Amino acid sequence: MEFSANDIATLLNGEVEGNGNVKVSNISKIDQPIPGTLTFLSNPTYTKYIYTTTASIVIVNKDFVPENKLSCTLIRVEDAYVALAKLLDFYTKTKPSKMGIEQPSFVSKSAILGEQIYLGAFAYIGDNVLIGNNVKIYPHVYIGDNVKIGNDTILYSGVKIYAGCSIGSSCIFHAGSVIGADGFGFAPNPDGTYTKIEQIGNVIIEDNVEIGANTTVDSATMGSTIIRNGVKLDNLIQIGHNCEIGENTVMAAQVGIAGSTIIDKNCVFGGQSAVSGHITIGEGTKVGPKSGIMSSVKPNSVLLGAPALDFKLAMKTFSIIRNLPELRNDVIELQKKVKAIEDDK
Amino acid sequence: MEFSANDIATLLNGEVEGNGNVKVSNISKIDQPIPGTLTFLSNPTYTKYIYTTTASIVIVNKDFVPENKLSCTLIRVEDAYVALAKLLDFYTKTKPSKMGIEQPSFVSKSAILGEQIYLGAFAYIGDNVLIGNNVKIYPHVYIGDNVKIGNDTILYSGVKIYAGCSIGSSCIFHAGSVIGADGFGFAPNPDGTYTKIEQIGNVIIEDNVEIGANTTVDSATMGSTIIRNGVKLDNLIQIGHNCEIGENTVMAAQVGIAGSTIIDKNCVFGGQSAVSGHITIGEGTKVGPKSGIMSSVKPNSVLLGAPALDFKLAMKTFSIIRNLPELRNDVIELQKKVKAIEDDK
Amino acid sequence: MEFSANDIATLLNGEVEGNGNVKVSNISKIDQPIPGTLTFLSNPTYTKYIYTTTASIVIVNKDFVPENKLSCTLIRVEDAYVALAKLLDFYTKTKPSKMGIEQPSFVSKSAILGEQIYLGAFAYIGDNVLIGNNVKIYPHVYIGDNVKIGNDTILYSGVKIYAGCSIGSSCIFHAGSVIGADGFGFAPNPDGTYTKIEQIGNVIIEDNVEIGANTTVDSATMGSTIIRNGVKLDNLIQIGHNCEIGENTVMAAQVGIAGSTIIDKNCVFGGQSAVSGHITIGEGTKVGPKSGIMSSVKPNSVLLGAPALDFKLAMKTFSIIRNLPELRNDVIELQKKVKAIEDDK
């Protein structure tokens, strides 16, 4: 589908500067422009690219003042990044969407499927499963017995949901994510072996949650591991049994949260960071990449390092560590001088 | 199924205190009680919850002395945690278990399946595969040619076992785990490219092993990567080619063990810890979370940090690092004082 | 198949010493010899094993001088390790290889399959997919709409390729790897929730790339995430959206690269290392295990630590950190001495 600069300006509530009739059918990045597409300028460090761009239309902030001649059509908007998000969403919705039931697929007789769903070939739906309306279940998805899935949720290829878990509406699960595997619980025996503690709980995932590729969320021993509304988890993350992740908390890739830890809402975790088990992380806490948190943390903390320190202290210690050889030399120098003074007496 | 306090006390060899006829059909956590269920008190920090619990039955240690009035029935046992493990096991066994062969599934004509197995839809069994009795193979499991699997082993949905691997009895593989992918071996060429070293070995997994969701255990270049009896691996762990993991060694999530490393029995690894290749870790070694071990380690070591130090030394260095700005200021102060003394002479 | 020492020497352009008619049908490691096989000696620390080996043939470097009697046949070659790689490759090629189309599999009517391919049962090929010749697609592989795959590429069981991605020739994808899941992009809203930035880009993987088990490579927001010729990624690695990984760059397991980072060619990353988003890593950079890189790095850097320092500086700081308690004691001692000197005045 093609859209003119005038069409797009109307959609974004923006103003056209230049040829309003020029048409585009795709979107590209300003530093990797594709001729005949639309692009955008939001981050000022990319401004230089606008003067040579081969894209036909560039979305810019209202207050953008060009310093050279432009060959493209501009659309001026309140916030170019927000406008981009809106356009990408619009673009995605113009594309045809998967629908219908492919064969062979496996649906238990006791399962209830909603309307307007997509069920890919080789998808498996267990006993007593309830699937909402407009759900998309890609090939090779496994949905165990007694699972419930809300409306408008998307499960990409190979997602595995263990029996008894509950999934909300408008969630997105990326390929290979595993929800509800057994929590890691073993009782040690005197001979060094371990007895498995059977895990009879489940996972509850609320609405508007996104779970990254190959991320794992374990079932509770008893009760539920809970992922609250609006949580966004990137790829290859581990959430242990009986954890609770608060509303709108966001985690970058490869984070690990040990069992029974409670994380409050609106927290942000950098990549490869980790949290010990059985502790609580206060609302609004920000955790730097690769950090390791070993004890409970009060709201709005900003932490970095392993073990994690207050962010500013951590930055200070890093800069001292970088200069530790000088510090040690200073101490050796002092020892010599003090010795000399003592000998001198 | 419902059980009375008297029934449960008999099962656990415990003593009822209160109404022995009260019945329960489920188990809950003491801090998240569900009315009409059984719960347990083992960790003393949770004692406060027992006085207000809405659970009907609480399992407690023999020597528990209540400080307030209780409204629940108690069952006194030798060890409440061990009793819980026993009950969870009993509870799990009362639930119906998967059995039979679902269609469509793929079984090579040369494969031999044991008795009483479950084979889920879309499971794949390659040529010359041998499956023991009472094995459960969930949907989307892939079992490559010439694989052997012992009795009573469970493979959850989407487990992938490469050709030629050997799996013991009473093992549990969680969804998405991959056993036997090629070890990471490449020979560098003068032009910067790499030539793949073909990996012709396999993985041998002994009995009573549990492998977490999306964990990967690579094949040996030649010979076998070996996971010994009773090893428990959590989710998203990497075990490199030609490693050997000793009996009853336990690893938390996201641990990485590089190739050709030998880990002796009864070791414990914290989450996100890692071990370099071609080294040996002595029996009974304990490794803290996020630690990195770069050289061989003698038995019963306790290690922490990256690079890992003796645990006590690591804790000491962490506490000094936290105070490095003060230490640096102390040195600067000393430099001034010594300068003053020298000038004074 | 059996081969004589003479046959193998001809293949490797080597010289036989001992019985050239002895035959072997398999390869074993020198420290885990299997009678009747061929083994090799390349690393001098393993030399002791050659005098007691039960293997029939040992490949050695041309200049190997035995210090004791040998009972095996030797084949002397220019470089024993290169010869081994050649032999393993030869051995692998003598084994029968998968071919043909198993049922049930799912192939869209609009897909075009090359010649001589293997398509395992339960594999899924979407609309308008183009598959080259001699491609092997194992069971449970998912190939989304409009994907292109070059000749001679192998996709092991459970690989997931999202719609629109492009895969080169002679690549190997290990089980459970996920190519093209949505990049992790969200715009924060004033109420704490996040709006998803739709990801309309794709992943381009060039030729001769190997991707490890359960590794994830995310799609670009717009444009492409690019993995260049000859890149080798181990298991459980995360590559963020809009990254570019340069030719022949190699990463060990569990590495994480955040979004929009450009890594130049011939770099090497140790296990569990990580790189922040939106930076560039110069050609030929070497990064130690568990390192964390937070800013751009010039070519041929050698880095270690989190945050990463120059390798030599990092090793120096580690050794001082290990001795921090002594350094602190030295400072305390100095403080006492200086106090005494001052008091003495």
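Quick notes on this structure:
- Looking across region C:334-345, the residues that are more than 8 Å from every other protein chain (Cβ to nearest Cβ) and open to solvent by 90 Å² or more (accessible area, probe 1.4 Å) come down to C:Lys336, C:Lys339, C:Asp343.
- Looking across region B:242-262 at every residue that is of a type in the set (A, V, I, L, M) and touching a Lys or Arg at 6+ places or on another chain (Cβ under 9 Å), the one that is nearest to the other protein chains (Cβ to nearest Cβ) is identified as B:Val250.
- Taking region A:111-141 as the range and being among the charged types (D, E, K, R) and in contact with a strand residue (DSSP E or B) (Cβ under 7 Å, 6 or more places away or on another chain) as the test, only A:Lys136 passes.
- Test: residue in region B:59-70 that is aromatic (Phe, Trp, Tyr) and in contact (Cβ under 8 Å) with a residue 60 or more places away in the chain: no
- Selection of region C:263-296 for residues being surrounded by fewer than 21 Cβ atoms within 10 Å (Cβ to Cβ), of a type in the set (A, V, I, L, M, F, W, C) and farther than 21 Å from C:Phe184 by Cβ yields only C:Val268.
- Residue among B:Ser170, B:Ser177, B:Ser157 that is surrounded by fewer than 21 Cβ atoms within 10 Å (Cβ to Cβ) and polar (S, T, N, Q): B:Ser170
- Region A:145-175, residues that are assigned to a loop (DSSP other than H, G, I, E, B), within 14 Å of chain C (Cβ to nearest Cβ) and under 26 Å from B:Ser97 (Cβ atoms): A:Gly158, A:Val159
- The residue that is farthest from the chain's Cα centre (by Cα), among those in region C:87-97 that are surrounded by fewer than 17 Cβ atoms within 10 Å (Cβ to Cβ) and of a type outside the set (Ser, Thr, Tyr), is C:Pro96.
- Residue in region A:45-56 that is open to solvent by 80 Å² or more (accessible area, probe 1.4 Å) and part of a strand (DSSP E or B) present: no
- Residue check for C:Tyr118: within 26 Å of B:Gly126 (Cβ to Cβ) and within 14 Å of chain A (Cβ to nearest Cβ): no
- Candidates are the residues of region B:19-36 that are at the interface with chain A (Cβ under 9 Å from one of its Cβ atoms) and among the β-branched types (Val, Ile, Thr); the one that is farthest from B:Phe90 (Cα to Cα) is B:Ile34.
- When we screen A:Phe64, A:Phe90, A:Phe122 for residues that are assigned to a helix (DSSP H, G or I) and among the aromatic types (Phe, Trp, Tyr), the only hit is A:Phe90.
- Residue in region A:317-327 that is part of a loop (DSSP other than H, G, I, E, B), buried (at least 23 other Cβ atoms within 10 Å of the Cβ) and out of contact with any Leu (no Cβ under 6 Å at 6 or more places or on another chain) present: no
- Any hit, region B:32-40, residues being within 23 Å of A:His278 (Cα to Cα), open to solvent by less than 70 Å² (accessible area, probe 1.4 Å) and of a type in the set (Phe, Trp, Tyr): yes
- Taken as a whole, the structure leaves B:Ala187 outside the set of residues that are part of a loop (DSSP other than H, G, I, E, B) and either open to solvent by less than 40 Å² (accessible area, probe 1.4 Å) or more than 9 Å from every other protein chain (Cβ to nearest Cβ) (or both).
- When B:Gly292, B:Gly288 are checked against the criterion of being small (Gly, Ala, Ser), at the interface with chain C (Cβ under 10 Å from one of its Cβ atoms) and closer than 23 Å to B:Ala253 by Cβ, a single residue qualifies: B:Gly292.
- Selection count where residues are assigned to a loop (DSSP other than H, G, I, E, B) and open to solvent by 70 Å² or more (accessible area, probe 1.4 Å), scope region C:21-31: 1
- For region C:218-271, a residue qualifies if it is aliphatic (A, V, I, L, M) and within 15 Å of A:Gly271 (Cβ to Cβ), and the qualifying residues are C:Leu236, C:Ile237, C:Ile239, C:Met251, C:Val255, C:Ile257, C:Ala258.
- Of all positions in region C:63-75, at least one carries a residue that is open to solvent by 50 Å² or more (accessible area, probe 1.4 Å) and in contact with a Phe, Trp or Tyr (Cβ under 7 Å, 6 or more places away or on another chain).
- Taking region C:181-219 as the range and being farther than 27 Å from B:Gly185 by Cβ and small (Gly, Ala, Ser) as the test, the residues that pass are C:Ala181, C:Gly183, C:Gly185, C:Ala187, C:Gly192, C:Gly201, C:Ser219.
- The set of residues in region C:128-144 that are touching a Gly at 6+ places or on another chain (Cβ under 9 Å) and either open to solvent by 20 Å² or more (accessible area, probe 1.4 Å) or not in a loop (DSSP other than H, G, I, E, B) (or both) comprises C:Leu130, C:Ile131, C:Asn133, C:Asn134, C:Lys136, C:Ile137, C:Tyr138, C:Tyr142, C:Ile143.
- Within region A:208-241, the set of residues being more than 7 Å from every other protein chain (Cβ to nearest Cβ), of a type outside the set (Gly, Ala, Ser) and assigned to a loop (DSSP other than H, G, I, E, B) comprises A:Asn208, A:Val209, A:Thr215, A:Thr221, A:Arg228, A:Asn229, A:Val231, A:Ile237, A:His241.
- Some residue of region C:26-40 being at positive phi, modelled with pLDDT under 95 and out of contact with any Gly (no Cβ under 6 Å at 6 or more places or on another chain): yes
- Number of positions in region B:102-135 that are among the aromatic types (Phe, Trp, Tyr) and more than 21 Å from C:Ser105 (Cα to Cα): 1
- Among the residues of region C:297-312, those that are under 22 Å from A:Gly305 (Cβ atoms) and either out of contact with any helix residue (DSSP H, G or I) (no Cβ under 7 Å at 6 or more places or on another chain) or at the interface with chain B (Cβ under 9 Å from one of its Cβ atoms) (or both) comprise C:Val297, C:Gly305, C:Ala306, C:Ala308, C:Asp310, C:Phe311.
- Within region A:13-20, not a single residue is open to solvent by 50 Å² or more (accessible area, probe 1.4 Å), under 30 Å from C:Ala123 (Cα atoms) and small (Gly, Ala, Ser).
- A:Leu113 open to solvent by less than 90 Å² (accessible area, probe 1.4 Å), in the same structural domain as A:Asn134 (by TED's automatic domain parsing), aliphatic (A, V, I, L, M) and over 28 Å from the mean Cα position of the chain (by Cα): yes
- Meets criteria (open to solvent by 70 Å² or more (accessible area, probe 1.4 Å) and either in contact with a Ser or Thr (Cβ under 8 Å, 6 or more places away or on another chain) or not assigned by TED's automatic domain parsing to the domain that holds B:Gly18 (or both)) for B:Leu119: no
The values are calculated or read from the model by the stated rules, or taken from the named source; none is laboratory data. Quick caveat, the model's predicted, so the values are computed rather than measured. Glycine gets a Cβ as well: all are built from the backbone with ideal geometry, and neighbour counts include every protein chain shown. Note: accessible area is taken over every heavy atom of the protein model, side chains too, but ligands, DNA and RNA are not part of it. Shrake-Rupley method; radii C 1.70, N 1.55, O 1.52, S 1.80 Å.
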